[in-house]
Amino acid sequence: MAFLLSFTAALALAFALPNDNPLASISAPSVANPTVTIDAGIVAGTITALPKATAPINKFLGIPFGDSPPVRFGKPLPPKKWTGVRQAVTNKPACVQQFNYPEASRNQTMTVFNNPPPQESEDCLYLNVWAPRSAPPEGWPVMLWLYGGAFIFGSGGLPGYDGTNFASNENIVLVTMNYRTNVFGFPASPELPLAERNLGLLDQRAVLAWIQKNIKAFGGDPEKVTIFGESAGGASVDALLTGYGAGEKPPFRAGIMQSGQISVGGRMGRGDQNSSAWDALVKGLNCSSTASALACVRAAPALKVKEVVERGALSFGPQVDNATLYAGAGERRTQGLIPKLPVMIGSNAQESKINVRGMNDLAGYIAKTFPGNTTKQALVAAAYAVGKEFQTANDAIAQISTDMGAGCGTYKYSLAAAAAGHPTFWYYYNASFPNIQPFPGSGVYHASEIDMVFGTYGHTGATYSGPASTSQQIALSNYMTGAWAAFARNPQRGPGWPAVGSIAEDVGVLGPAGTSGVHMVPWQRVAGKCHLFD
């Protein structure tokens, strides 16, 4: 969890250029807009298509999966049924987000990761569906995306999460959703039962239940659901993977974790930290002397709650409740206490590049990272010396931080999951393109793979400028979308490269310079320094 929170400034996708847009959709006015009957009523969507696509797809935006609006700090309840046809044609607001002060870092984070900014509201429990126009009797595979954002911000309606490419080119029914974050999603009030404090994780489970009930109406197969997410979304996937007993049948059959998990390293379930943050919020809202602090905080204007949380940089996140989040998630896997589902997991070559921007004191960084341990400091300094492998001190600092976080966490997770009998597929993303970089020199930063997976590297709405997509970027993105979809179609077979432990070269490297597919290497090539951090 510490790793996830350290990436607050680098957790959502970076926006790309509007000048080369692979997802610029075209309408199909000659065909009636699609309508679908679900358990709560009838919804009408729209038809969209990629340029040069052979067939359009159906798009439904803003379908409620929870009561609207939800009770503040309350569990998600099923939406009320409606009469007539509900229009599902526009994105709904994001849940209330948290972007911490001071002003300079807050503005930078919002500019890079909340641009263009969506509307925000507590009335936010909605999902989106992209689906092929027709489906075989058994239905298409389904993928549910869980966004990152350190559990304090994020939205399922960001342009980079558009599912048109998956539906049009891979015959996948793609679902995105909003889930509550920060204090609105993870309140730590002692007046709330522990089972009602991980509201954001309960929102995710509510959507999985919705999929089981309704996705068949969209052409999806509820027996073929894959959950995937990045950073905090990857951690959410792992919480779900480890949140069911060995004898249970989860509402999904596989999971993909991109630069995030909870089984190895970090710290998930921050009860003490949440409690102190709640106390600070209660004090900041002048609720300390009231009969019920919970009732007082519930009654406060949402914008005031948001302001107190942001100005105090108050940290709220998932807590161990042994229902949505278990203590010892990794041990549950190694001890065989969970279903043996296939997993795909990976990280990026320079996860921390954005976080350490401007840091150039390598010796000082190592001393601060390993205080009092001169032996460790010397070993790390030798392994990450500036020279052949690292051109600058900043490069070395970024790699140390990367390896200590997602890099070595992915390595340890992959070996442990494979040893526990889970079909495990490990990727290592190592490609950098100027049109998806928030600033020159961002490298293969945290979240930079998202646009490539979704094929949205040219989506509109960004403020960045730069060169258009290259043929390598287009081909690599097509390969990555296909690999993720292949895993969803047949998780046992995997994304198109061998499982961990099946051969010596069992890590799939995506995007070495000049290539547009996968290149297999032994794990030592990407995680050979991890022993330094044990």
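The values are calculated or read from the model by the stated rules, or taken from the named source; none is laboratory data. Note that the structure is a prediction, hence the values are computed from the model and not measured. Using ideal geometry, Cβ is built from the backbone for each residue, glycine included, and neighbour counts are taken over all protein chains shown.
Remarks
- Every residue from segment 335-375 that is surrounded by 15 or more Cβ atoms within 10 Å (Cβ to Cβ) and either in a strand (DSSP E or B) or of a type in the set (Gly, Ala, Ser) (or both): 343, 344, 345, 346, 347, 348, 349, 352, 367
- Scan of segment 419-447 for residues that are part of a helix (DSSP H, G or I), surrounded by fewer than 20 Cβ atoms within 10 Å (Cβ to Cβ) and touching a residue at least 60 places away in the same chain (Cβ under 8 Å), ordered by number: 419
- Which numbered condition residue 427 fails, given (1) at pLDDT below 95; (2) touching a Leu at 6+ places or on another chain (Cβ under 8 Å); (3) not basic (Lys, Arg): (1)
- In segment 478-517, residue farthest from residue 420 (Cα to Cα) [restricted to those that are modelled with pLDDT under 95 and surrounded by 19 or more Cβ atoms within 10 Å (Cβ to Cβ)]: 516
- Among the residues listed as 229, 220, the single one being within 20 Å of the chain's Cα centre (by Cα) and surrounded by 24 or more Cβ atoms within 10 Å (Cβ to Cβ): 229
- Restricting segment 26-43 to residues that are touching a Pro at 6+ places or on another chain (Cβ under 9 Å) and at pLDDT below 95, the residue that is nearest to residue 214 (Cα to Cα): 31
- Residue-level analysis places residue 378 outside the set of residues that are hydrophobic (A, V, I, L, M, F, W, C), over 19 Å from the mean Cα position of the chain (by Cα) and surrounded by 19 or more Cβ atoms within 10 Å (Cβ to Cβ).
- Test: residue 458 is buried (at least 23 other Cβ atoms within 10 Å of the Cβ) and farther than 16 Å from residue 348 by Cβ: yes
- When segment 146-168 is limited to residues that are among the aliphatic types (A, V, I, L, M) and in contact with a strand residue (DSSP E or B) (Cβ under 9 Å, 6 or more places away or on another chain), the one that is nearest to residue 211 (Cα to Cα) turns out to be 146.
- Taken over segment 438-460, residues that are of a type in the set (Gly, Ala, Ser) and closer than 10 Å to residue 477 by Cβ amount to 2.
- The residues in segment 392-431 that are hydrophobic (A, V, I, L, M, F, W, C) and in contact with a Pro (Cβ under 6 Å, 6 or more places away or on another chain) can be counted, and the count is 1.
- Residue within segment 170-178 that is in contact with a helix residue (DSSP H, G or I) (Cβ under 7 Å, 6 or more places away or on another chain), buried (at least 24 other Cβ atoms within 10 Å of the Cβ) and on the phi > 0 side of the Ramachandran plot present: no
- The set of residues in segment 335-358 that are over 21 Å from residue 149 (Cα atoms) and at pLDDT 95 or above comprises 335, 336, 337, 338, 339, 340, 341, 342, 343.
- Options 159, 193, 187; residue that is surrounded by fewer than 24 Cβ atoms within 10 Å (Cβ to Cβ), farther than 21 Å from residue 218 by Cβ and under 22 Å from the mean Cα position of the chain (by Cα): 159
For every residue, the table says whether it meets (1) over 24 Å from residue 438 (Cα atoms); (2) surrounded by fewer than 14 Cβ atoms within 10 Å (Cβ to Cβ).
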| site | (1), (2) |
| --- | --- |
| 83 | yes, yes |
| 106 | no, no |
| 127 | yes, no |
| 136 | yes, yes |
| 146 | no, no |
| 149 | no, no |
| 152 | no, no |
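- Residue count for segment 85-104, restricted to those that are in a loop (DSSP other than H, G, I, E, B) and surrounded by fewer than 16 Cβ atoms within 10 Å (Cβ to Cβ): 3.
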